[in-house]
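J.: Here it is: the structure, laid out below.
Readers should treat all values here as calculations from the given coordinates under stated rules, not as data from a laboratory. The structure presented is a predicted model; accordingly, all values stated were derived computationally and were not measured. Virtual Cβ from ideal backbone geometry, glycine too; neighbours counted across all protein chains shown.
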Amino acid sequence: MSDLQAVADRLVTCRRCDRLVAWREEVAAVKRAAHRDEEYWGRPVPGFGDPGARIVVVGLAPAAHGANRTGRMFTGDRSGDWLVGALHRAGLASQASSTGPDDGLVLRDVFVTSPVHCAPPGNRPTPRERDACRDWFTAELGLLTRARVLVGLGAFGFGETARWLGCSPRPRFGHGVELSAPGGRTLLGCYHVSQLNTSTRRLTEPMLDAVFTRARELSAA
């Protein structure tokens, strides 16, 4: 068993945050009409991808009817399709869609995770919930010893990754921001692949592709 798998096995039993436990389980029981015949995961969602990844993508938290349903980060919703589509175009994913844990998707040289591992109401974890989950986040990142480029999706993912990297002073988020971090690593900022950003074209496919093109360049340097 890999160390990352051992972390995942412990993580999925976590019940530290009463509000998040109640919400993830309520969503799993009530379900969305389009998925009423499916069994929801309804537990914490570990990161996934290549243990030897040089690129790490950091989001916010599992989506209520995406990862909280399927049990895999960025899987089963439009955000997942946007992210995995971009990874596929960059040569980092075996396919362009992310529908379920048995869909055959393989990530190459990239690992995907988030600072909060349970779906939060309104996609807004509290500071206490963020802090309670931090040791899971740091445990995963600490095991990705080949990571050289970290892509922070949105201000939350970017900020928590900057904290883990030990960036001081804390950098300001922006799409396309590139920051040299301790240990020879680089932090890249990218608008989150949320439906709000993609439907309003605040984030477009060319913008997203440019981030991962740069991530590949930096990871190979």
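J.: Please list, ordered by first then second residue, the pairs with beta carbon atoms under 7 Å, 6 or more apart or interchain, first in the range 111-134 and at negative phi, second in a helix (DSSP H, G or I) and of a type in the set (S, T, N, Q).
T.: Every condition considered, the pairs that remain are 119/68.
J.: Also: Could we say that residue 78 is closer than 20 Å to residue 38 by Cβ and of a type in the set (Lys, Arg) here? Outline the logic, then answer.
T.: On the way: closer than 20 Å to residue 38 by Cβ: yes; of a type in the set (Lys, Arg): yes.
The answer is yes for residue 78.
J.: Can you pull out every residue in the range 25-73 that is free of Cβ contacts under 8 Å to residues at least 60 places away in the same chain, assigned to a loop (DSSP other than H, G, I, E, B) and within 30 Å of residue 214 (Cβ to Cβ)?
T.: Once the filter is applied, which keeps residues that are free of Cβ contacts under 8 Å to residues at least 60 places away in the same chain, assigned to a loop (DSSP other than H, G, I, E, B) and within 30 Å of residue 214 (Cβ to Cβ), the range 25-73 yields 62, 66, 72, 73.
J.: Output yes when any residue across the range 94-112 is crowded, with 17+ Cβ neighbours inside 10 Å and of a type in the set (S, T, N, Q), and no when none is.
T.: yes
J.: Contact list please: Cβ distance under 8 Å, first residue in the range 206-221 and in contact (Cβ under 8 Å) with a residue 12 or more places away in the chain, second residue of a type in the set (D, E, K, R) and in a helix (DSSP H, G or I), pairs at least six apart or on different chains.
T.: Pairs found: 209/89; 212/89.
J.: Here is a follow-up. Considering the range 121-151 alone, what residues qualify as being outside any helix (DSSP H, G or I) and crowded, with 23+ Cβ neighbours inside 10 Å? Give the derivation first.
T.: Initially, the range 121-151 is screened for residues outside any helix (DSSP H, G or I), giving 124-126, 144-151.
Within the range 121-151, 125, 149, 150, 151 meet the criteria.
J.: Determine whether residue 76 is buried (at least 21 other Cβ atoms within 10 Å of the Cβ), small (Gly, Ala, Ser) and on the phi > 0 side of the Ramachandran plot. Can you show your working first?
T.: On the way: buried (at least 21 other Cβ atoms within 10 Å of the Cβ): yes; small (Gly, Ala, Ser): yes; on the phi > 0 side of the Ramachandran plot: yes.
In short, yes.
J.: Shifting gears a bit: Looking at (1) in contact with a helix residue (DSSP H, G or I) (Cβ under 9 Å, 6 or more places away or on another chain); (2) farther than 20 Å from residue 195 by Cα; (3) among the hydroxyl-bearing types (Ser, Thr, Tyr), which is the only condition residue 13 fails?
T.: So the condition that residue 13 fails would be (1).
J.: Only residues that are within 15 Å of the chain's Cα centre (by Cα) and either of a type in the set (D, E, K, R) or farther than 19 Å from residue 204 by Cα (or both): list them for the range 70-91, please.
T.: The initial filter retains those residues of the range 70-91 that are within 15 Å of the chain's Cα centre (by Cα), namely 70-87.
The answer is 70, 71, 72, 73, 75, 76, 77, 78, 81.
J.: Can I ask one more? Exactly one condition in (1) farther than 16 Å from residue 67 by Cα; (2) surrounded by fewer than 15 Cβ atoms within 10 Å (Cβ to Cβ) is false for residue 4; which is it?
T.: Only one criterion in (1) farther than 16 Å from residue 67 by Cα; (2) surrounded by fewer than 15 Cβ atoms within 10 Å (Cβ to Cβ) is unmet by residue 4, namely (2).
J.: Now for a separate question. Residue 169 fails exactly one of the following numbered conditions: (1) closer than 21 Å to residue 73 by Cβ; (2) in a loop (DSSP other than H, G, I, E, B). What is the number of that condition?
T.: Condition not satisfied by residue 169: (1).
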